[in-house]
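Each remark here refers to the structure printed beneath this line.
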Amino acid sequence: QLQASGGGLVQAGGSLRLSCAASGSIFSINVMGWYRQAPGKRRELVAAISTGGSSNYADSVKGRFTISRENAENTVRLQMNSLKPEDTAVYYCNLKMRGTDTWGQGTLVTVSS
């Protein structure tokens with residue numbers, strides 16, 4: 001199970017931080033990440049990070065967003081800086097392990113211009 005928090009309304013140029021905690025049976029090797037889905041668009045990867053610390057980002061957020069995780073707590077965070085109106089979307093936490101995908105409930109991020 002994934003529990004996400006931290007969405008909200010912010011002005012362009014502002015910052016938000018999303019957090020996601022995984023509970024239940026968590027395999028020690030996994031990838032946690034964030035996806036987003038804007039109205040009328042497909043869900044897309046924002047950023048992901050492995051238990052080993054390797055991370056990857058969508059080109060649109062590189063240099064503005066930072067993903068981090070605490071393996072001992074099975075948590076992942078997404079620090080979002082210099083937010084733009086086009087970052088407005090529902091953000092979903094994701095856990096990949098042993099060939100399975102688990103999704104959080106989604107948290108809305110709205111960036112006003």
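Okay, here's what the table says:
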item	result
Relative contact order %, the chain, counting alpha carbon pairs below 8 Å whose residues are six or more apart	37
Cα gyration tensor category, rounded, prolate or oblate, for segment 48-113 with a/c compared to 1.5	prolate
Sorted largest first, extent of the chain alpha carbons per principal axis (Å)	41, 25, 21
Carbon/sulfur fraction of accessible area - the chain, other protein chains in place, 1.4 Å, %	48
Fluctuation leader among SER19, SER50, SER28 - the chain, Gaussian network, Cα springs under 10 angstrom	SER28
Accessible area expressed per residue, the chain, with surrounding protein chains retained (probe 1.4 Å, Å²)	53
Relative contact order, percent, segment 2-50 [alpha-carbon distance under 8 Å, six or more residues apart]	28
Cβ-defined net charge surrounding GLY53, 14 Å radius [Lys, Arg +1; Asp, Glu -1]	+1
The chain: most fluctuating residue of GLY24, GLY52, GLY63 per GNM, C-alpha cutoff 10 Å	GLY24
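The values are calculated or read from the model by the stated rules, or taken from the named source; none is laboratory data. Please read all numbers here as calculations on a predicted model, not as lab measurements. Note that we place each Cβ from the backbone using ideal geometry, even for glycine, and neighbour counts take in every protein chain shown. Heads up: the accessible areas ignore ligands, DNA and RNA and are worked out on the full protein's heavy atoms, side chains in. Shrake-Rupley method; radii C 1.70, N 1.55, O 1.52, S 1.80 Å.
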